[in-house]
Amino acid sequence: MASQKRFRLRPFTSLFMASCGTVLALTGIACYIKPPTRIAEWIDWRFLLLDRGTWEALHTVFAVLFVIAGTTHITLNYRTLLAYVRKSVEAGQARRRELTLAVTLALAFILLTIFDAFPSRSIRLLSDRLSESWGSDGRMPPIARVEVYPLATFCRLLELDLYETMERLKEEGFEGVDAVTTIRDIARTNGVPPIEIGRLLETQTVP
C-alpha cells in the first residue's frame with residue numbers, strides 16, 4: 001500500500017509536459033488570431049475572457065515550463081530513450097526512414113520559415129490578415145495607444161475642447177472623469193472599452 005501512495009516523479013513529469021503542451025496549443029491559437037496591440041487595447045479585445053497581454057504571458061510561461069518538463073523527462077528516462085534508439089538502429093530500415101523523414105520535415109519548416117517561403121509564408125500571412133481584420137469597421141484608434149494618455153492629452157491630440165469633453169462624458173453617465181485620468185482608466189471604471197469613448201466624442205465639434 002505504501003508503494004502505491006508514493007509520489008512518482010516520472011509519470012508526473014510526463015503528465016505535466018502533456019498539460020503544458022495542451023495549454024501551449026490554446027495560447028498558440030490565441031496569439032495567432034490576436035489583433036495588434038494598438039487595436040487590442042482600443043477595443044478591449046478578449047478571447048475566452050482573457051486579454052492579449054494575458055495570452056502572451058501564458059504562452060511565454062508555459063513555453064518555459066514545457067522546456068523544463070521536457071528536459072526533466074529526458075533526464076529521468078535517458079536510459080529508456082537510449083535503449084529505444086539502439087533498438088531502432090538495430091531494426092534497420094524500418095525505423096530509419098521514419099526518423100529521416102521526421103528530422104528532414106522539421107528542418108525543412110525551419111528553413112522555409114527563415115526564408116519566408118511557402119507554406120510557412122502562407123501561414124504567416126493568414127495570421128497577419130486575421131490580426132489586421134480587427135481594425136475594420138471603424139475599430140482603428142485615431143492615434144496608436146491613445147488610450148494610455150490622460151484625458152487632457154487625448155483632447156489636445158485630437159483637437160478637442162477639454163472642458164466640453166469632460167461635460168459630454170459626465171452627461172452620458174461616465175464616472176471618474178477628470179483631466180489627469182487616462183482614457184483606459186475612465187473606460188475601465190465605467191465597464192466599457194476605450195473605443196466607446198472615442199465613438200462618443202467623434203461627433204463633438206472641434207473648437
- Conditions (1) in a helix (DSSP H, G or I); (2) surrounded by 14 or more Cβ atoms within 10 Å (Cβ to Cβ); (3) β-branched (Val, Ile, Thr) -> VAL103 fails only (2)
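Condition test on ILE43, is it within 30 Å of ILE197 (Cβ to Cβ), β-branched (Val, Ile, Thr) and either without any contact (Cβ under 8 Å) to a residue 40 or more places away in the chain or in contact with a Gly (Cβ under 8 Å, 6 or more places away or on another chain) (or both)? Lay out the reasoning, then the answer.
Details: within 30 Å of ILE197 (Cβ to Cβ): yes; β-branched (Val, Ile, Thr): yes; either without any contact (Cβ under 8 Å) to a residue 40 or more places away in the chain or in contact with a Gly (Cβ under 8 Å, 6 or more places away or on another chain) (or both): no.
For ILE43, the condition - within 30 Å of ILE197 (Cβ to Cβ), β-branched (Val, Ile, Thr) and either without any contact (Cβ under 8 Å) to a residue 40 or more places away in the chain or in contact with a Gly (Cβ under 8 Å, 6 or more places away or on another chain) (or both) - is not met.
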- First in the stretch 175-190 and in a loop (DSSP other than H, G, I, E, B), second anywhere and surrounded by fewer than 18 Cβ atoms within 10 Å (Cβ to Cβ) and small (Gly, Ala, Ser), Cβ under 7 Å, 6 or more apart: ALA179/ALA152; VAL180/ALA152
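Taken together, the values in this text are just the output of simple stated rules run on the coordinates, not laboratory data. Keep in mind the model is a prediction, meaning the values are calculated, not measured. Quick reminder, even Gly has a Cβ in these numbers, built from the backbone with ideal geometry, and neighbours come from all protein chains shown.
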